[in-house]
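> Pasting a structure here, questions to come.
The values are calculated or read from the model by the stated rules, or taken from the named source; none is laboratory data. The model shown is predicted, which means the values in this text are computed figures rather than measured ones. Please note: Cβ atoms are built from the backbone with ideal geometry, for glycine as well, and neighbour counts cover all protein chains shown. Just so you know, the surface numbers come from the protein's heavy atoms only, side chains and all, with ligands and any DNA or RNA stripped out. Shrake-Rupley method; radii C 1.70, N 1.55, O 1.52, S 1.80 Å.
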Amino acid sequence: MTQVEQLQQLVNQSRRIVAFTGAGCSTESGVPDFRSVDGLYRQTWNYPPEEILSHEFFLQHPEEFYRFYRAKMLFPHARPNPAHRKLAQLEAAGRLSAVITQNIDGLHQQAGSKRVLELHGSVHRNFCMDCGKPYPLDAILETEGLPRCSCGGLIKPDVVLYGECLDDRVLEQSIRELERADLLLVGGTSLSVYPAAGLLRYFRGSHLVLINKTPTDRDRDAQLVIPQPIGQVLEQLEVLPL
């Protein structure tokens with residue numbers, strides 16, 4: 001039996017699948033992975049990307065932050081790939097209860113997923129730091145320099161920067177979903193970013209599947225490890241309704 005056939009069998013047996021996705025889930029859509037050989041963390045910039053994407057840097061050097069953010073973090077023309085679409089189909093079929101994602105690109109929602117828990121926020125949500133007025137992505141894309149609210153305040157992306165805490169509500173919902181899942185499908189993540197990666201300890205189900213091109217620290221705990229791009233794997237699955 002091939003690994004995909006094993007995965008198909010596990011999916012067919014499951015009633016509450018939770019998907020936990022990372023940057024590798026979007027690379028097949030043309031969104032670069034931070035830590036890959038050609039990723040953002042290996043590219044030359046005036047400051048290390050980790051520093052630029054920190055809360056402190058945003059406050060102290062907002063112009064430089066937005067120069068990097070517009071150039072390297074926004075991909076408005078990216079479209080969902082087979083991984084996003086298959087997860088949406090599994091949800092529509094009643095088999096998948098939630099997608100927990102570390103991604104901020106909104107591609108899961110574009111593919112049709114309804115229950116998406118965004119651990120690190122979304123580039124599609126922005127807000128004024130003074131009055132709280134919400135703004136869409138276009139408020140960032142269609143401006144230069146510092147994006148300003150109609151009140152004059154600075155607009156900030158609703159993404160979790162280094163040094164910021166994850167949203168408590170999203171964390172609590174993610175934990176509930178993980179505790180109730182019978183199959184946890186982890187894809188496109190090295191599980192090296194905490195505290196997000198630490199959420200896997202709340203999974204109580206029987207079947208853990210890891211789909212990632214490189215090894216992770218949780219491979220030894222998984223029932224099935226598939227070292228391939230998640231889109232190439234999931235597109236081979238047949239979705240059967242409950």
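> Can you tell me how many residues within region 93-108 are out of contact with any Ser or Thr (no Cβ under 7 Å at 6 or more places or on another chain) and either part of a loop (DSSP other than H, G, I, E, B) or free of Cβ contacts under 8 Å to residues at least 40 places away in the same chain (or both)?
The first filter runs over region 93-108 and keeps only residues out of contact with any Ser or Thr (no Cβ under 7 Å at 6 or more places or on another chain), leaving 93-94, 96-98.
Imposing the further condition that a residue be either part of a loop (DSSP other than H, G, I, E, B) or free of Cβ contacts under 8 Å to residues at least 40 places away in the same chain (or both) reduces the set to 93-94.
Total satisfying the criteria: 2.
> Looking at the structure I just gave you, is Arg125 basic (Lys, Arg) and under 30 Å from Arg204 (Cα atoms)? Spell out the reasoning first.
Numbers: basic (Lys, Arg): yes; under 30 Å from Arg204 (Cα atoms): no.
The answer is no for Arg125.
> For region 18-60, what are the residues that are open to solvent by 70 Å² or more (accessible area, probe 1.4 Å), modelled with pLDDT under 85 and assigned to a helix (DSSP H, G or I)?
Selection gives Arg42 alone.
> Just to be sure I understand the filter: pairs with C-beta atoms under 6 Å, separated by 6 or more residues or on different chains, first member in region 198-223 and of a type in the set (Ser, Thr, Tyr), second member buried (at least 19 other Cβ atoms within 10 Å of the Cβ) and in a loop (DSSP other than H, G, I, E, B). Which pairs pass?
Taking only residues 6 or more apart or on different chains, the pairs are Thr216/Ser190; Thr216/Leu191.
> Here is a follow-up. Going by what's in this entry, would Arg95 be described as within 25 Å of Leu10 (Cα to Cα), surrounded by 14 or more Cβ atoms within 10 Å (Cβ to Cβ) and among the basic types (Lys, Arg)?
Details: within 25 Å of Leu10 (Cα to Cα): yes; surrounded by 14 or more Cβ atoms within 10 Å (Cβ to Cβ): yes; among the basic types (Lys, Arg): yes.
So Arg95 fits the description; yes.
> Same structure again: Give Gly188, Gly163 a once-over and let me know the one that is surrounded by fewer than 16 Cβ atoms within 10 Å (Cβ to Cβ), of a type outside the set (D, E, K, R), in contact with a strand residue (DSSP E or B) (Cβ under 9 Å, 6 or more places away or on another chain) and touching a residue at least 24 places away in the same chain (Cβ under 8 Å).
Working: Gly188 fails: surrounded by fewer than 16 Cβ atoms within 10 Å (Cβ to Cβ).
Answer to the check: Gly163.
> Name the single residue that is most open to solvent (accessible area, probe 1.4 Å) among those in region 125-150 being touching an Asp or Glu at 6+ places or on another chain (Cβ under 9 Å) and in contact (Cβ under 8 Å) with a residue 24 or more places away in the chain.
Residues of region 125-150 touching an Asp or Glu at 6+ places or on another chain (Cβ under 9 Å): 125-127, 134, 145-146, 149.
Applying the additional criterion that residues be in contact (Cβ under 8 Å) with a residue 24 or more places away in the chain yields 125-127, 145-146.
Working: Arg125: 98, Asn126: 5, Phe127: 69, Gly145: 41, Leu146: 43 Å².
The selected residue is Arg125.
> Among the residues of region 100-124 satisfying the criterion of being touching a Phe, Trp or Tyr at 6+ places or on another chain (Cβ under 8 Å) and open to solvent by less than 20 Å² (accessible area, probe 1.4 Å), which is farthest from Ile155 (Cα to Cα)?
The extreme case among them is Ile100.
> Still on this structure, I have one more. I'm checking my understanding of the structure. Among residues of region 61-74 that are in a helix (DSSP H, G or I) and open to solvent by less than 30 Å² (accessible area, probe 1.4 Å), which one is modelled with the lowest pLDDT?
Looking at the filtered set, the residue picked out is Phe68.
> Quick one: in region 219-242, which of the residues that are within 19 Å of Leu96 (Cβ to Cβ) and in contact with a strand residue (DSSP E or B) (Cβ under 7 Å, 6 or more places away or on another chain) is surrounded by the fewest Cβ atoms within 10 Å (Cβ to Cβ)?
Gln223
> If you don't mind, there's one more thing I want to ask. Here is a list of conditions, (1) within 15 Å of His84 (Cα to Cα); (2) of a type in the set (A, V, I, L, M); (3) not in a loop (DSSP other than H, G, I, E, B), and Val225 meets all of them except one; can you say which number that is?
Just one mismatch for Val225, condition (1).
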